[in-house]
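> Here it is: the structure, laid out below.
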Amino acid sequence: MRGTLTIARRELASFFAIPLGWVAIALYLFLTGGVFSLMILNPSTAATMRPFFSVSAWLMLPVIPAISMRLFSEEFRSGTIEPLLTSPVSEAAIAVGKYLGALWFMLLMLAPTLAHVGVLAWVSTPAPDAGPIVAGYASLVLLGMLYLSIGLFISSLTSNQTLAFLGTLFAILLLLLATTLGADRLPEAMRPLVYAAALTPRIADFAKGVIDTSHIVFFASCSAWFVLLTIVTLQSRRWS
C-alpha cells in the first residue's frame, strides 16, 4: 500500500512539473467554460446543468488521452521502467499507483468547474435542483475513471506517446459511438454486447439526475478490468 501511494504522489506531482499537465487543465476549463456560457447561461433555456453533463463525454475526449498517454509510454521511452520493474514493488502497486495519480489529477482538473454551479445558482431563480448536479458530477468521475483506465492500459503497450494518445482516443470514440456505427447491421448475437458497452445512454441517465447502480457497476468494473489488463502486461514485460 505504501508503494502504491508513493507512486501515486510521484505521478501527481509529475503532472504539475511539465507543461502538459497545465495545458490539459487549461484546455478542459476552456471547453467547459465555453459550453457553460453558450448552453447554460442562454436566457431562453432553463436553469440546469444538464446540457453540460450531456456533452461531458465529448469534452473529456481530447483531454484524458493527453493525460494518460505518458503514464507508461514515457517510462518505456526514457528507460526508467526497468528500475521500476526491478524494484521491490509489485506490478499491481505500480499500475494502481499510476492510475490513482492520474485520477487525483483529473479530480483537481474537475474541481474548478464547481464554480459553474455557483454562477448558475446566483443568476437563477429558483436555484437549480441539486440532485441532477450531484448525479452529473458522479458521471464525470465515473467516466473519467473509465477513460483513464483505458489510457493506462494502452500506454502500457507502447513507448510512443502519440500512439498511446491515438489508441486511447479511438478506443473511447468506439465506446461513445457503439450504437451509431452500424450496430443494427451486426450479427444479432453481437448486438446486445454492443449496446451494453455503449456509454451514451448511461451518460444521458446521469445527466437527467438518475443514479442507476447498474451504471456505477459498469463503469467501476470496466475500469478495474483495464487496470487488471495493465498489471498483466507489466508482468509479461518483467518476465520477458
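> Of the conditions (1) more than 17 Å from the chain's Cα centre (by Cα); (2) buried (at least 18 other Cβ atoms within 10 Å of the Cβ), Arg237 satisfies every one except a single condition; which number is it?
(2)
> Looking at Ala92, Ala121, can you tell me which residue is surrounded by 13 or more Cβ atoms within 10 Å (Cβ to Cβ), without any contact (Cβ under 8 Å) to a residue 12 or more places away in the chain, more than 20 Å from Val23 (Cα to Cα) and not polar (S, T, N, Q)? Full working, then the answer.
Numbers: Ala92 fails: without any contact (Cβ under 8 Å) to a residue 12 or more places away in the chain.
Among Ala92, Ala121, only Ala121 is surrounded by 13 or more Cβ atoms within 10 Å (Cβ to Cβ), without any contact (Cβ under 8 Å) to a residue 12 or more places away in the chain, more than 20 Å from Val23 (Cα to Cα) and not polar (S, T, N, Q).
> Does region 93-104 contain at least one residue that is assigned to a helix (DSSP H, G or I), more than 23 Å from Leu175 (Cα to Cα), aromatic (Phe, Trp, Tyr) and modelled with pLDDT of 95 or more?
Looking through region 93-104, at least one residue is assigned to a helix (DSSP H, G or I), more than 23 Å from Leu175 (Cα to Cα), aromatic (Phe, Trp, Tyr) and modelled with pLDDT of 95 or more.
> Taking the options Ser68, Ser73, name whichever one is small (Gly, Ala, Ser), modelled with pLDDT of 80 or more, over 17 Å from the mean Cα position of the chain (by Cα) and crowded, with 18+ Cβ neighbours inside 10 Å.
Within the list Ser68, Ser73, the selection yields Ser73.
The values are calculated or read from the model by the stated rules, or taken from the named source; none is laboratory data. The model shown is predicted, which means the values in this text are computed figures rather than measured ones. A quick note on method: Cβ atoms are made from the backbone with ideal geometry, for glycine too, and the neighbour counts reach across all protein chains shown.
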